[in-house]
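Structure record follows, encoded as structure tokens.
The values are calculated or read from the model by the stated rules, or taken from the named source; none is laboratory data. No experiment lies behind these values; they were computed from the predicted model shown. As a convention, Cβ positions derive from the backbone with ideal geometry for all residues, glycine included, and neighbour counts pool all protein chains shown. SASA here: full protein model, heavy atoms, side chains in, ligands and nucleic acids out. Shrake-Rupley method; radii C 1.70, N 1.55, O 1.52, S 1.80 Å.
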Amino acid sequence: MAEAERITGTPETGPDSEPGTAAAPVSGGNAEGAAPRERDADRDAEAAGAEAGATAGRVTGRGKRRIGTLFLVAAVVYLLDLGSKALVVAKLEHHAPIEVIGSLLRLEVIRNRGAAFSIGEALTIFLTIIAAIVIVVIIRIARKLYSLPWGIALGLLLGGAFGNLTDRIFRTPGVFEGAVVDFIAPAHFAVFNLADSAIVCGGILIVILSFRGLDPDGTVHKD
């Protein structure tokens with residue numbers, strides 16, 4: 001009888017068996033119980049990943065900081081603007097305009113007390129203050145600048161703002177009321193300078209970067 005119970009796997013219940021003992025569990029049961037737990041763990045991991053992606057909504061692509069790019073572009077724009085203004089004032093002011101492309105593009109020096117393209121000539125002091133505020137804002141943004149395109153765009157804005165601000169501070173008729181030197185005169189368009197061109201190009205580039213979801217800190221929004 002005992003031999004039959006050993007073969008069939010039935011525990012002995014005779015007087016020689018110890019009370020309270022039970023047969024050892026079959027080893028196959030552990031594998032069967034582990035498989036559902038592994039599947040549950042996989043599902044939990046996938047759910048957590050999907051939730052993280054949904055809540056983040058953006059991908060960070062930070063590299064090195066781009067402050068050097070910003071100030072390099074700003075310095076180049078500022079020096080080109082400053083040099084071109086000094087040259088045209090010395091050579092062209094009070095002289096006849098120079099035709100570059102016939103009547104389509106001329107070089108003609110004018111003194112502009114307004115904003116870019118001769119807008120708001122009665123607001124010189126306020127425009128000077130606005131330019132100073134723009135410079136401060138750009139410098140503050142530079143502390144978290146990791147995007148190369150943003151570094152170029154902000155550099156264009158900073159160099160252009162510094163160029164025109166220099167005119168407003170140091171040129172006649174007085175400090176913070178100085179007239180900006182404009183000399184690029186396309187046909188049927190306002191006269192402007194290199195600083196104005198840099199500001200416009202920087203603004204357009206910022207609009208493009210914003211539409212593409214790229215932030216100054218290198219973060220790309222995924223919409």
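Test of understanding: express the Cα radius of gyration of the stretch 125-174 as a ratio to 2.2 N^0.38 Å, with N the residue count. Mind dumping the intermediate values first?
On the way: Rg = 12.4 Å, N = 50, 2.2 N^0.38 = 9.7 Å.
My calculation over the Cα atoms of the stretch 125-174 gives 1.27.
Counting alpha carbon pairs within less than 8 Å and at least 6 residues apart, what relative contact order, in whole percent, applies to the stretch 90-223? Could you put the intermediate results ahead of the total?
On the way: 201 pairs, mean separation 38.7, N = 134.
Computed value for the stretch 90-223: 29 percent relative contact order.
Measure off 7 Å from each Cα along the Cα-to-Cβ vector at LEU148 and ILE110, then give the distance between these two points in nanometres to one decimal.
3.9
Find out how many positive minus negative residues lie around ALA74, taking Lys and Arg as positive, Asp and Glu as negative, among other residues whose Cβ is under 14 Å from that of ALA74. Let's see the in-between values first.
On the way: positive: ARG66; negative: ASP81.
Taking every Cβ under 14 Å from that of ALA74, the sum is 0.
To the nearest 10 square angstrom, how much accessible area does SER103 have with a 1.4 angstrom probe?
90
If the cut-off is a Cα-Cα distance under 24 Å, which lysines reach LYS64, setting aside same-chain residues fewer than 8 apart in sequence?
Within the straight-line cut-off, LYS64 pairs with LYS144, LYS222.
Report, by chain and number, residues whose modeled amide H sits under 5 Å from the one on ARG113, excluding near sequence neighbours (fewer than 5 apart, same chain).
VAL180
When only the heavy atoms of the protein chains count and the probe is 1.4 Å, how do GLU108, GLU99, GLU93 rank by accessible area, highest first?
On the way: GLU108 60, GLU99 120, GLU93 35 Å².
So the residues, ranked largest to smallest area, are GLU99, GLU108, GLU93.
Tally Lys/Arg at +1 and Asp/Glu at -1 over every other residue whose Cβ is under 13 Å from the Cβ of ILE138; what's the total?
Numbers: positive: ARG66, ARG140, ARG143, LYS144; negative: none.
Counting the neighbours of ILE138, the net charge comes to +4.
Output needed: percent of Cα pairs per 10 Å distance bin for the stretch 77-213, bins running from 0 to the one holding the longest distance.
13, 39, 32, 14, 2
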